1. 222 nm [θ] for the chain, helices only, -39500 (n - 2.57) per DSSP H run of 4+, per residue, to 500?
2. Tell me, what HN-Hα J-couplings in whole Hz come from the Karplus equation 6.51 cos²θ - 1.76 cosθ + 1.60 at θ = phi - 60° for each residue of region 454-460, using x for Gly and Pro?
3. For region 236-242, in order, what is each residue's ³J(HN,Hα) by Karplus, 6.51 cos²θ - 1.76 cosθ + 1.60 with θ = phi - 60°, in whole Hz (x at glycine and Pro)?
4. Long-range amide H contacts for residue 408: which residues qualify at under 5 Å (H placed 1.01 Å from N, peptide plane, sequence gap of 5 or more or a different chain)?
5. Which Cα, out of 273, 232, 310, lies furthest along the positive dipole direction of the chain (beta carbon charges, K/R +1, D/E -1)?
6. Probe of 1.4 angstrom, ligands and nucleic acids ignored: what's the accessible area per residue over the chain, in square angstrom?
7. What percent do you get for the relative contact order of region 89-200 when only Cα pairs under 8 Å and 6+ apart count?
8. How do 499-508, 355-364 rank on mean C-beta neighbours within 10 Å, highest first?
Amino acid sequence: MERPLPDDLTGTLFDLIVIGGGITGVATARDAALRGLSVLLVEKDDFASGTSSRSSKLIHGGLRYLQTYQFKLVAESVRERERMLTMAPHLTEVRPFLYLLYEGYPEGRALLNLGLTFYDAASGAWLKRRHSMLSARKVLELEPHLRASGLVGAGRYYDVLTDDARLTVDHAKGAAEAGARMLNHAAVTGLVIEAGQTRGVRVVDQLDGREFEVHARQVVSATGPWTDRTLAMERGDHVSSLRPSKGVHIVVRKSDFPLNTAVFLRSPDDNRVVWPTPSLEDDLVYIGTTDTDFTGDPDHVVPEESDIGYLLNVANHTIPEARLTDQHIVGAWAGLRPLVAADPSASTGNTSREHVITEGATGLLTISGGKLTSSRVMAKHLVDAVMGKLQRPTDRSVADRTPISGGSPASTLGLLVATASAGVPDHIAQTWVRRYGSNAGKVLARWQADEAAREVVGPRGLTRAEVAYCVAEEMCLTLSDLLVRRTSLFFWDAPGTLEQVDGIARSLGAELGWDDDRRAEEVEQYTALVRGNLPGRRLQHPTPDEGHPAG
């Protein structure tokens, strides 16, 4: 995946321009390119830099949505969960979940059993994975540290964990492999409107400040929490089509919070459903999520002290002996759900997660709402609408039958043997395969070609070979691109990344040609990002005026 130059874009009339590089935007670009359209996607920051890297990291049906009678959404989502297991096998892992029942909960054993039966049946995979109802004694045998007081039992069922940022990046790579042009770090500042119709976008390159226009037969907006800002470009006034909801998660070590199975239970503060979940990183558990109205700047969403306190209460209610404080937190993130504004009296938790496609007065198509799991369906519906406007056939989508980039299981099978033969330590090889799937072979090639590429420069086995791959193959252009969206180390080991940030920045800077000033700027920006997402925690990374050179 290579970042195109403005001169390569300005002289082209594209069939489709997609504004927004979150999961919906990149899935749309991929579907459209697979149908033969010429596509350009423009993202103001980086792929997955917004909601798509800050979700609950689940591909799931949304069992809790059955409480608000969103049966269609749940059925669609569990079917999409099964599809994603084949489209992205390297980024999806089936895990057991326990939906705990305590005295006083509104859902009883019979109602939970009925809901889980629907969940199994709607997925089409109930012969492979069926739920079971467990007694309190059996639950405590499985998870002996859970709060025993008032425990009635649980329903054990199955859902899928993912790396949401990697899922988005590999969708973007898949779009590029199908022929789409993908442009990150380039902001759309306005629409090109000709004869009353949107026929392109005005763009400013965030890296060098260059401004240019690109034209297309159709423009679509898939900008998530920024939807109202995009709509304002068309309408020329303030728009309030969304009801953004803020979701926060915290990460703790499993040694501090001994939980081996994800659990759903109710918060002691407001009775909302919350879910402590062992992560794909074996030694960590993340706890989420909050669900509160957000009226601030979508470019600045961070965990507040009240969010952290809420989630620590959840943790200590789940496992009382843990006695967690903010000093136990090793990671945290906050994101926005771009919910479609509906009944203002309804809570954010009860607001629909369905998606909506609208057409503006100038022909701009906008998709809003939805969730990570349903991104393929959202993209299909949006591209169907585009094909209709372009008077093309609408029955040619093959996205559901085409693995995303890195998703070829046949290629992945031999990679662990090849990495072992090349002397790659097992934990590093496992990380490569889980992170890049069949593309891990390209990381291995760099490891084999250059002995210097074998140097470990970051936590959890981050090597120079991996850094070089992310630059050459995944349009990684900043330190945050690398540590947040390409490797997800920001989420799972934020303190560790700060301890080694200078070495990581040197390695990345060597690939991108940074001078000392640019490298220092990148370190400063990433350090501020980490500190801003861990309120109340003292992170040890000296600034230059404390005697530690940033360059």
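The values are calculated or read from the model by the stated rules, or taken from the named source; none is laboratory data. In this text the structure is predicted, and so the values were computed from the model without any measurement. Please note: Cβ atoms are built from the backbone with ideal geometry, for glycine as well, and neighbour counts cover all protein chains shown. All accessible areas refer to the heavy atoms of the entire protein, side chains included, with ligands and DNA or RNA removed. Shrake-Rupley method; radii C 1.70, N 1.55, O 1.52, S 1.80 Å.
1. Details: 18 runs with 192 residues, N = 551.
Helix-only estimate at 222 nm: -10500 deg cm²/dmol.
2. Coupling constants for region 454-460: 7, 5, 7, 10, x, x, 6 Hz.
3. Those phi angles translate into x, 8, 5, 10, 10, 8, 10 Hz.
4. Residues meeting the amide H criterion: 438.
5. The one lying farthest along the dipole's positive direction is 273.
6. Values: 20950 Å² over 551 residues.
Spelled out: the 1.4 Å probe surface of the chain, per residue, equals 38 Å².
7. Details: 112 pairs, mean separation 37.1, N = 112.
Averaging sequence separation for qualifying contacts and normalising by length gives 33 percent for region 89-200.
8. Working: 499-508: 20.0, 355-364: 16.2.
Packing order, densest peptide first, comes out as 499-508, 355-364.
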